[in-house]
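Worksheet: the structure to be examined is printed underneath.
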Amino acid sequence: MLNPLLAAQLAQFNLAEGQAPDDDTWRALLAQISQTYGQRAAEQDRLQAVLDNVADAIITFDEHGRIEWFNRAAEQMFGYVAAEVIGAHLELLLPDPHRYRIEQDALALQTDKQDGRADIVSIRNEIAGQRKDGALFPLDFTISQMMVQGERQFIAIARDITIRKEAELAILAAKEAAEAANQAKSQFLANTSHEIRTPLNAIVGLTSLLLDTELTPDQQTFVEIARRSSSTLLTILNDILDLSRIEARQLSLEPRPYHLATNVNEVLTLLRSNAAEKELQLTATFAPNMPQVFIGDGDRLRQVVMNLVSNAIKFTHAGSVAVQVDGRYLDPTTYEIHLSVQDTGIGLPPDYTEWLFQPFHRGHAGRSRRYSGAGLGLTISQRLVELMGGRIWAESETGKGSTFHVCIPSPVTEQPPPSALTLERVRPFDPDMARQLPLRILVAEDNATNQKVMVWMLEHLGYRPDVAANGLEVLAALQTHTYDVILMDLHMPEMDGRQATQTIRATLPATAQPWIIAVTADVLHESRQDYLADGLNDFLSKPLQAEMLITALCRYPVVRAQSAAQTWPINRAMLNQITGGDSARLLELMHIFQNESDQLLARLQTAVAADDLETARQMAHTLKGSCATMGMVSLEPLFHEIETMARNRDQYIAAKVTQAIAEYDRVLLALRTT
């Protein structure tokens, strides 16, 4: 049988196989065959040159794994010359188990073709190769199948990825080092904060107590200076911690309904005396017909306004500071709040405004020496505004004052914000408070100075608290007395506040459970959710201030009255039937229930606020089913009622949702004591 190429050449001259050509035909035929084979040889040389000069190793092998071709890059990569590996098995180049993976890939390609499909074009893996000297190195190894003269062959392209892997390891090491450094910084800040707050607690508390006594005019001045200085130190400390939280992405917003005008006016009330000292006019104006109640983190927005207004007062020596609030609807349920703070102060050159929001930046050197502060207020304000999805910028001119602008998109709602739980006619250190709000209080604190400060504060409010120095003493005191409120330091010897709280929740009956308020100087990593998850009801940060203490005590009676008036909210028998009495299963079920319910409740609140009552009905229906499954006998009818109200578009549905959320919190507390 003739070579296909020769047969094609003969056919061009109309010569059949076995027919002899004449001399002219023969010469023409030989010339054409010579030219054709010369072209093929040149093409083959070019192809060989390409294959020998590519950076990747190219290896072909048959279906039994025997190597048939090995290019120059493969020789350099593996350390063999081609003659040493041709005919050898792949095991020479690929150690177990990597060779097995390649064999399986080849089988997959072969099976794919046999099934008449062409789904798998090639298969790529990262494996280890083995050099002639036995050294292992990482490979990017891709194999494909090809048919050559009816025989199945495989072609592999291998790339040495040692440099890439080393770079990846270097990046990983750098990332871990950065995380370790960040953790070390966070731990340093936490420790420093704790160490500073502990003595600062005594300074703030004792100066508050001194101001409540009879003082001479000079003494009054000295104590007020000490109190103001300690407050400045506390502000700087809180700013540093807030910035650290934001940079570590540990600060989260807590959206809930808030009254914008109330928040702004509260800031002006707090700062009015500062403005009066400099004879500044401090005003706030609100655009007519703008919404009144928004859903967002009102406390953080108030912090932004506080920073901007206090800065304006600081740098203004005559004239006024004016807050103006207006905005526009972005859609029927979202309003873009525009808040500006304008002053007639010293101002700044326009090119300085781009640096205003940098950490620790306080303008030029002369300004820094003249005015106190850490230079963090504007940085924190910018980060908070960005967390809220808004933007902040400044306009300023030297000698003509500055205007700071904040724009924040915020959902609007008709739902009234929760009212402040404070007692009427109670002022700091009002000795009549204990008569209005009679409480049996236990102070759990190991530091003797802090013990004295808290006890004296409570005594000035008319209380006679008991004292425990650690968690074990707290448990011992509860054996002989019933307390309404425990002020619980979290870091105590022998048994800390968290352990004591968990023991109390696990051992005391529901009717004897105290209201436990965490009092801690460690505020860097903690959040309200962390404390509530530990069974604590509320928390206060050190240094403890009279207003904070009074507000926390005033939160007790409403919740306690609600709890006392209601029956046990869980069907224990149903829970035991579900879990088989297994406490581990119960704990797992509690976590699942709370995680799902938290998300559903958040969506329910958002839907009601946005008047999306169909979504609200669906959320209430799902919550109703979950509560029925879990035996939540007090929650199930509430969500059934909300589902009905949503279907009927009842205008009082928001109030019912608020009631359900309060009951949900009570059920979670009951679950922790079940």
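So that you can scan it fast, the table gives a plain yes or no per residue for (1) in a helix (DSSP H, G or I); (2) at pLDDT 80 or above; (3) on the phi > 0 side of the Ramachandran plot:
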site	(1), (2), (3)
Arg101	yes, no, no
Ala106	yes, no, no
Ile127	no, yes, no
Lys132	no, yes, no
Pro138	no, yes, no
Ala156	no, yes, no
Arg159	no, yes, no
Ile171	yes, yes, no
Ile196	yes, no, no
* Members of the stretch 505-533 that are modelled with pLDDT of 85 or more, in contact with a helix residue (DSSP H, G or I) (Cβ under 7 Å, 6 or more places away or on another chain) and part of a helix (DSSP H, G or I) -> Arg505
* Structure fact -> Exactly one of Leu210, Leu215 is at pLDDT 75 or above, of a type in the set (A, V, I, L, M) and in a loop (DSSP other than H, G, I, E, B), and that one is Leu215
* To do: May I ask you to verify whether Val304 is aliphatic (A, V, I, L, M) and assigned to a helix (DSSP H, G or I)?
  => yes
* Asked: Which residues, counting only those in the stretch 304-342, are crowded, with 18+ Cβ neighbours inside 10 Å, of a type in the set (Ser, Thr, Tyr) and over 32 Å from the mean Cα position of the chain (by Cα)?
  -> Thr316
* Residues in the stretch 395-413 that are in contact with a Phe, Trp or Tyr (Cβ under 8 Å, 6 or more places away or on another chain) and polar (S, T, N, Q): how many? -> 4
* Structure fact -> The lone condition Ala275 fails out of (1) at pLDDT below 90; (2) open to solvent by 10 Å² or more (accessible area, probe 1.4 Å) is (2)
* In the stretch 451-484, which residue that is of a type in the set (Val, Ile, Thr) and not in a helix (DSSP H, G or I) is least open to solvent (accessible area, probe 1.4 Å)? -> Val467
* Asked: Considering only the stretch 381-440, how many residues are modelled with pLDDT of 80 or more, open to solvent by less than 50 Å² (accessible area, probe 1.4 Å) and either touching a Lys or Arg at 6+ places or on another chain (Cβ under 7 Å) or in a loop (DSSP other than H, G, I, E, B) (or both)?
  -> 7
* Number of positions in the stretch 287-302 that are open to solvent by 40 Å² or more (accessible area, probe 1.4 Å) and within 34 Å of the chain's Cα centre (by Cα) -> 4
* In the stretch 601-635, what count of residues is obtained for those that are in contact (Cβ under 8 Å) with a residue 24 or more places away in the chain, in a helix (DSSP H, G or I) and under 27 Å from Thr413 (Cα atoms)? -> 13
* Every residue from the stretch 67-83 that is of a type outside the set (Phe, Trp, Tyr) and without any contact (Cβ under 8 Å) to a residue 24 or more places away in the chain -> Asn71, Arg72, Ala73, Glu75, Gln76, Val81, Ala82, Ala83
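The values are calculated or read from the model by the stated rules, or taken from the named source; none is laboratory data. The model shown is predicted, which means the values in this text are computed figures rather than measured ones. As a convention, Cβ positions derive from the backbone with ideal geometry for all residues, glycine included, and neighbour counts pool all protein chains shown. The area values use the complete protein model at the heavy-atom level, side chains included, leaving out ligands, DNA and RNA. Shrake-Rupley method; radii C 1.70, N 1.55, O 1.52, S 1.80 Å.
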